[in-house]
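Peer 1: Handing you a structure now.
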Amino acid sequence: MNTAIIVAAGSGSRFGADRPKQFLELAGKPIIARTVLIFESSPVIDAIVVVASVDFLEETEAVLAKERLTTLRAVVAGGETRSESVAAGLNAVPSGTEIVAVHDGVRPLVSEDEIERTLRAAAEYGAACLTAQMTDTVKVVDGAYVVGTLDRRELRRALTPQAFRYDVLKDVYDNATLGEAVTDECFLVEESGTKVLSVSGSQRNIKITTPDDLLIAEALFRAGNEE
Ligand code: C5P
């Protein structure tokens, strides 16, 4: 069984709206509903666990209830940090889960193809991370000064989903110190010495973090549906 954990327990403080950004609408539906619907229609996903903030559990359940989902297994309360929310999701996956894919609730433009390729890579290699090329040059700064330039040919942006054999992810989470510094799952898996395959993802798979991101997502969504 393949299970998706969709984390949506963030406060959205960087967005500046009065509600978490996952409830704002993208093309007429809440962002979290759009994201979950892609996993619902994926032929490689059997079960979905959504992680929501304890203050918005009921609202999340209500939003998802409107979609008549057949693969949604649980909506559970998340933690203070993303990694704690992922841990809560991991504790709620159905027994028999072999592959687990972790996805940001605020990435509604992920494609079914990206989900499928990441899951297949995880099934074969144990761990896989969807990544995108860097188009900007990246600087290291110290205070007001630029102190270095990274070689962007070696850099990739980490997208989601990131997928793992269940035992690989469960084992690192059971032994890790979780907190702000753990900004994705692959980080912990890399640290444990397990190799993580890099799967090529699209620049379209953006994380909606600011109001500008929502404008871009609306345009990409519209263009995608016109193709
Ligand atoms: O904070 P960041 O942009 O990395 O958030 C990525 C995803 O993690 C979002 O979908 C957000 O809702 C989720 N998250 C969470 N629990 C937290 C913080 C973030 O589920 N405590």
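Peer 1: Can you tell me which of (1) of a type in the set (Ser, Thr, Tyr); (2) under 21 Å from ALA128 (Cβ atoms); (3) out of contact with any strand residue (DSSP E or B) (no Cβ under 8 Å at 6 or more places or on another chain) is the one THR70 doesn't meet?
Peer 2: (2)
Peer 1: Let me ask something else about it. Suppose the filter is in contact with a strand residue (DSSP E or B) (Cβ under 8 Å, 6 or more places away or on another chain) and without any contact (Cβ under 8 Å) to a residue 12 or more places away in the chain; does VAL147 pass it?
Peer 2: yes
Peer 1: Does ALA65 satisfy being open to solvent by 20 Å² or more (accessible area, probe 1.4 Å) and within 12 Å of the ligand (Cβ to nearest atom)?
Peer 2: no
Peer 1: Then there's this: Given the conditions (1) over 19 Å from SER41 (Cβ atoms); (2) away from the ligand (no atom under 16 Å from the Cβ); (3) surrounded by fewer than 23 Cβ atoms within 10 Å (Cβ to Cβ), and given that ALA122 satisfies all but one, which numbered condition is not satisfied?
Peer 2: (3)
Peer 1: Same structure, new question: So which residues in region 65-77 are part of a loop (DSSP other than H, G, I, E, B) and farther than 21 Å from SER95 by Cβ, if there are any at all?
Peer 2: LYS66, GLU67, ARG68
Peer 1: Tell me which of these SER200 doesn't satisfy, since it passes every other one: (1) open to solvent by 30 Å² or more (accessible area, probe 1.4 Å); (2) over 17 Å from GLN133 (Cβ atoms); (3) not hydrophobic (A, V, I, L, M, F, W, C).
Peer 2: Every condition holds for SER200 apart from (2).
Peer 1: Output the residues belonging to region 190-212 that are more than 16 Å from the chain's Cα centre (by Cα) and not in a loop (DSSP other than H, G, I, E, B).
Peer 2: Correct list: GLU190, GLU191, LEU197, PRO211, ASP212.
Peer 1: Checking the conditions here, which among LEU24, LEU37 is within 14 Å of the ligand (Cβ to nearest atom), open to solvent by less than 60 Å² (accessible area, probe 1.4 Å), farther than 20 Å from GLU98 by Cβ and of a type outside the set (Asp, Glu)?
Peer 2: Residue meeting the stated conditions: LEU24.
Peer 1: Right, something else. Let me confirm something: among GLU80, GLU114, GLU154, GLU59, which residue is among the acidic types (Asp, Glu) and open to solvent by less than 40 Å² (accessible area, probe 1.4 Å)?
Peer 2: It is GLU114.
Peer 1: I would also like to ask the following. Just give me the residues in region 176-189 being outside any loop (DSSP other than H, G, I, E, B) and either closer than 16 Å to THR81 by Cβ or within 16 Å of the ligand (Cβ to nearest atom) (or both), in sequence order.
Peer 2: GLU185, CYS186, PHE187, LEU188 - these are the residues of region 176-189 that are outside any loop (DSSP other than H, G, I, E, B) and either closer than 16 Å to THR81 by Cβ or within 16 Å of the ligand (Cβ to nearest atom) (or both).
Peer 1: Same structure again: Can VAL54 be described as within 16 Å of the ligand (Cβ to nearest atom), loosely packed, with under 14 Cβ neighbours inside 10 Å and under 30 Å from LYS29 (Cα atoms)?
Peer 2: Yes; evaluated as a whole, the condition is true for this residue.
The values are calculated or read from the model by the stated rules, or taken from the named source; none is laboratory data. These numbers come from a predicted model, not from an experiment. Cβ: placed from backbone, ideal geometry, glycine included. Neighbour counts: every protein chain shown. Protein only, heavy atoms only, side chains kept; ligands, DNA and RNA dropped before computing areas. Shrake-Rupley method; radii C 1.70, N 1.55, O 1.52, S 1.80 Å.
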